[in-house]
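One structure below.
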Amino acid sequence: MSTQATHHRSLARLQAALSPLLDAAGLIPGDQAEPRYCQDWSGQRGEPLAVLRPRTPHEVAQVMKHLHALAQPVVIQGGMTGLVASGVPQPGEVVLSMERLKTIEHFDTQQGTLAVQAGVPLETVHQHVQAQGWMFPVDIGSRGSCQIGGLIATNAGGNRVLRYGMTRQSILGLEAVLADGSVISRMGAALKDNAGYDLKHHFIGSEGTLGIVTRAQLALVPLPTSRHTAVVALQTFAQVQALLSLCRQSLGAQLSSFEVMWRDYFTLATQAIQADPPLFTQAAEFWVLVETMGTNLAQDRDLLEHTLAQVLAWDDAVDVVLAQSLADAQRLWAVREAAGEAARAVAPWAGFDVSMPVADMPGWADAIRREIKAMGVPQTQTYGHLGDGNLHLVVGPIPAQAGLKDEVVRRVHASVGALGGSISGEHGIGFSKKAHLGMTRSAEEIALMRTLKQALDPLNLLNRGRIFDMP
Ligand SMILES: Cc1cc2nc3c(=O)[nH]c(=O)nc-3n(C[C@H](O)[C@H](O)[C@H](O)COP(=O)(O)OP(=O)(O)OC[C@H]3O[C@@H](n4cnc5c(N)ncnc54)[C@H](O)[C@@H]3O)c2cc1C
């Protein structure tokens, strides 16, 4: 039978099984799927057999029962802001989109918990809880599009990990549908629950390979009433490390962000967004964004001013800019959040998201950037969540030369593996980094991951081939 005939037969089989269950907008044949179902932020694309859009967690479970009976492979999609191609449909896969699971189910304003369905966008959560004096601490640049389910599946980090941890730390409970349609539901709102294995952690960060997150219980924190932002321009990495120690000691729990931009990133990012130059000194090697969050506007500002005043004594060339208003703070953050624009300015590019001990960072960055430039790639951009030991490196434009991009990626990942670091601090493995998982995880660890996958999804239907292949 031809490929096209097989395609038609599979689609007809799917329609016959699911039409009684889903409404008219719930099943879209693949050839009518909008581009947003075909491509994530990695730039890779594919065409699904069909797009399924269930309306409730119960419908997700029912759909999976049918797909399991048909042995139909599925790719789960949230807001499609992922950076490692995990959500991109592969030939023969159906998309299971969570975009209609948008209900905010319960807000406990006494204890600060929010029960939501998986398709609620992050920004909607922020706005909803802020109005009542609470904050959901996870915050990332894709907040307008990414969904709670996607954040959980990727265990996203972001700008405030230093203080509040990764997404994992803000999830009290969740509900997941397994590949056979069975439902694992533990929406507990208590911080403490040691009754056996804490199963939610299997789904957090598993990139949709073990189950479909349908609902979550989010842990909120009281909304900080003061927020201060500063940029410190420094000359050496030793000064950056000294500033981190000073901020940790002096600002304590108020320190919420410590983001570092190397000169190569800062120059391109300020150009890319045409940032207002008077806010910044250009004569530095490193720019550090420091943010505090607290509860006393005047006292918190005094503390930050007092802390940063000590830095000015280190070196004549050190400079400090303290935001005087919300608009100032947004302009300072705009440079750090211009990563997407700066990367696109050097297309075709490759991006890395690595973690390692802070002390190893300057030596690693210098050596790998020299190596990459020697391979004919002219530009690098180095920046990241330094307080968390997590760095981003973007390189480009990569000359159109057979195998060059793969070799650049291999060398960067190998250099991180050699330091005992991780090839993914935040974004996950997906398809983009799968070939190099062994540089950062032992054979025993990967074997255990496969054992878990086999136990939860024996037919290998959910997000097949992401992170690792099954034998
Ligand atoms: C501008 C920008 C800035 C970013 N900044 C950061 C950052 O600072 N820190 C960081 O960690 N990441 C960052 N990211 C990447 C980050 O992974 C995503 O933005 C976000 O976590 C993915 O959510 P999503 O809903 O878009 O998921 P998608 O892209 O749709 O999916 C991502 C993965 O999760 C799976 N998935 C989605 N929903 C579910 C579900 N309900 N159940 C099970 N599996 C599911 C998908 O199958 C896929 O494997 C950024 C991305 C962009 C574009």
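None of the figures in this text is laboratory data; all of them are computed from the coordinates on show. Treat the numbers as computed from the prediction; the structure is a model and nothing was measured. Don't worry about glycine lacking a Cβ; one is built from the backbone with ideal geometry, like all the others, and counts go over all protein chains shown.
Worth pointing out:
- Extension gain from residue 447 to residue 13, taking 0.36 nm per residue of separation minus the Cα-Cα distance: 152.8 nm
- Rel. contact order, % - alpha carbon contacts under 8 angstrom, at least six apart, the chain: 15
- Segment 346-426, Rg to Rh (Cα coordinates; Rh as Kirkwood inverse mean 1/r): 0.95
- Acute angle (nearest 10 degrees) that the helix 237-251 long axis makes with the longest principal axis of the chain, alpha-carbon atoms: 80
- Cα-based values for segment 86-177, radius of gyration first and Dmax second, are 13.8, 48 Å.
- Euclidean distance of C-alpha centroids, segment 214-239 and segment 39-59, integer Å: 32
- Shape parameters for segment 226-339, alpha-carbon atoms, Rg then Dmax in Å: 13.2, 36
- Pairs from 102/453; 102/434; 373/405; 102/433; 102/192; 433/453 whose Cα-Cα separation, in the structure shown, is over 23 Å: 102/453; 102/434; 102/433; 102/192
- Net charge over other residues, Cβ less than 15 angstrom from the Cβ of residue 404 (K, R count +1; D, E count -1): +1
- q = 0.17, 0.21, 0.26 Å⁻¹, segment 3-97: log10 I(q)/I(0) [Debye, one scatterer per Cα]: -0.69, -1.04, -1.44
- Our Cα-only numbers for segment 292-417 put the radius of gyration and Dmax at 18.4, 58 Å.
- Part-to-part distance (alpha-carbon centres) for segment 406-462 and segment 118-175, which is given in Å: 25
- In the chain, the DSSP-assigned H stretches of four residues or longer account for a calculated mean residue ellipticity at 222 nm of -10000 deg cm²/dmol, using -39500 (n - 2.57) per stretch and the full residue count as denominator.
- Tilt relative to the chain, helix 3-18 - C-alpha long axis, 0 to 90 degrees, to 10: 80
- Sorted by Cβ neighbour density within 10 Å, fewest at the top, the residues 68, 128: 128, 68
- Cα pair distances in the chain, grouped into 10 Å bins until the bin that holds the longest one, percent each: 4, 19, 28, 26, 16, 5, 1, 0
- Paramagnetic reach from residue 283 (point 7 Å along Cα→Cβ, amide N under 15 Å) across segment 301-328: 315-320
- Only Cα pairs under 8 Å and 6+ residues apart enter the sum, and on that basis the relative contact order of segment 226-339 stands at 46 percent.
- With Cα atoms, 0 to 90° folded angle of helix 326-336 axis to the chain main axis: 70
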